[in-house]
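Notes for the one structure printed next.
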Amino acid sequence: MGSFFDIKRRFKVMWPILIGLIICLYFGYHVFRGERGIMTWLEVRQELAQKTILAEEIAAKRLYWEQKVKHLSPKSLDLDVLDESARDILNMGREGDYIIVDVKD
């Protein structure tokens with residue numbers, strides 16, 4: 001009988017410590033692995049860096065095409081650019097034209 005009361009008395013002393021330990025473990029886990037934890041923050045940060053690079057590439061392509069279209073507008077129509085673009089796209093040339101192929105390694 002003495003051992004049962006001894007265990008009961010120890011439990012009365014230990015249960016706040018056990019509850020505190022469980023709460024600390026719960027919050028500690030969620031600090032690292034939770035929805036807003038450190039690991040999730042690092043993953044989001046890495047994804048943001050990738051998306052930023054992609055956005056910069058898309059912005060550069062857009063600027064390139066905006067400049068190409070600007071040259072084809074009626075106010076500043078550059079006939080040389082238009083002729084060059086048409087020949088490049090259609091893969092055609094005039095009779096008597098010489099074609100020089102630039103081979104890049």
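The values are calculated or read from the model by the stated rules, or taken from the named source; none is laboratory data. The structure displayed is predicted, hence computed values, not measured ones. Because the Cβ atoms are built from the backbone with ideal geometry, glycine has one as well, and the counts that use them run over all protein chains shown.
Restricting the first member to segment 83-98 and to residues that are closer than 23 Å to His71 by Cα, and the second to residues that are loosely packed, with under 10 Cβ neighbours inside 10 Å, the beta-carbon pairs closer than 9 Å and six or more apart or on different chains are Ala86/Met92; Arg87/Arg94; Arg87/Asp97; Gly93/Ile99.
Being of a type outside the set (Phe, Trp, Tyr), over 24 Å from the mean Cα position of the chain (by Cα) and modelled with pLDDT under 80 is a property that holds for Met1.
Annotation note: Cβ proximity below 9 Å between a residue of segment 1-28 that is surrounded by 10 or more Cβ atoms within 10 Å (Cβ to Cβ) and a residue that is at pLDDT 90 or above and in a helix (DSSP H, G or I) (sequence gap 6+ or interchain) occurs for Phe11/Leu18. Per the listing Arg45, Arg36, the residue uniquely part of a helix (DSSP H, G or I) and among the basic types (Lys, Arg) is Arg45. Restricting attention to segment 61-105, the residues that are surrounded by 10 or more Cβ atoms within 10 Å (Cβ to Cβ), among the aliphatic types (A, V, I, L, M) and in a helix (DSSP H, G or I) add up to 4. You will find that of Leu63, Leu77, the residue that is touching a helix residue (DSSP H, G or I) at 6+ places or on another chain (Cβ under 8 Å) and without any contact (Cβ under 8 Å) to a residue 12 or more places away in the chain is Leu77 and no other.
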